[in-house]
């Protein structure tokens, strides 16, 4: 084997591995301050936060469909809804009795960057899944 062929034989595994490396990891921000990008195939009409506040579970289900996540940590509860463009988190509290009511909401794009709640809520409502 010539020197060139031996060198090539030694370098080949490294070259093959280098070709396999790619940066397909998700790009996200939890507190970086970057604004999210809202891009939806069915954006619907924006729903302002003040129209979400005060809604109970049944009203939220009628507006947004079933949540994809329901987490209860008394006295708080979080429902997560999703569209093709964003995730909407609605925070409910039980102030008296057993009725949970929405008090706050926030929204994030698919890379967990903050979005305006009204845009995301409109998108979720337009794309809500029907309860069978």
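The values are calculated or read from the model by the stated rules, or taken from the named source; none is laboratory data. Owing to the predicted nature of the structure, the values given are computational and were not obtained by experimental measurement. All Cβ positions, glycine included, derive from the backbone under ideal geometry; neighbour counts span all protein chains shown.
Can you find a residue in region 73-89 that is more than 14 Å from the chain's Cα centre (by Cα) and free of Cβ contacts under 8 Å to residues at least 12 places away in the same chain?
Yes, the conditions are met somewhere in region 73-89.
State all residues of region 96-124 that are in a loop (DSSP other than H, G, I, E, B) and either without any contact (Cβ under 8 Å) to a residue 12 or more places away in the chain or buried (at least 16 other Cβ atoms within 10 Å of the Cβ) (or both); if no residue qualifies, say none.
Answer for region 96-124, where residues must be in a loop (DSSP other than H, G, I, E, B) and either without any contact (Cβ under 8 Å) to a residue 12 or more places away in the chain or buried (at least 16 other Cβ atoms within 10 Å of the Cβ) (or both): 96, 97, 98, 100, 110, 112, 113, 116.
Give region 34-76 a look and list any residue that's part of a strand (DSSP E or B) and more than 24 Å from residue 110 (Cβ to Cβ), or say none.
56, 72, 73, 76
Within region 38-49, is there a residue that is within 13 Å of the chain's Cα centre (by Cα), surrounded by fewer than 15 Cβ atoms within 10 Å (Cβ to Cβ) and either at pLDDT 95 or above or within 18 Å of residue 127 (Cβ to Cβ) (or both)?
Yes, the conditions are met somewhere in region 38-49.
Which one of these does residue 61 not meet: (1) in contact (Cβ under 8 Å) with a residue 24 or more places away in the chain; (2) touching a helix residue (DSSP H, G or I) at 6+ places or on another chain (Cβ under 8 Å)?
(2)
What do you reckon, is residue 84 surrounded by fewer than 19 Cβ atoms within 10 Å (Cβ to Cβ) and farther than 14 Å from residue 54 by Cα?
So residue 84 passes the test.
Hey, does region 67-74 have a residue that's in contact with a strand residue (DSSP E or B) (Cβ under 9 Å, 6 or more places away or on another chain) and surrounded by 14 or more Cβ atoms within 10 Å (Cβ to Cβ)?
The answer is yes; a qualifying residue exists.
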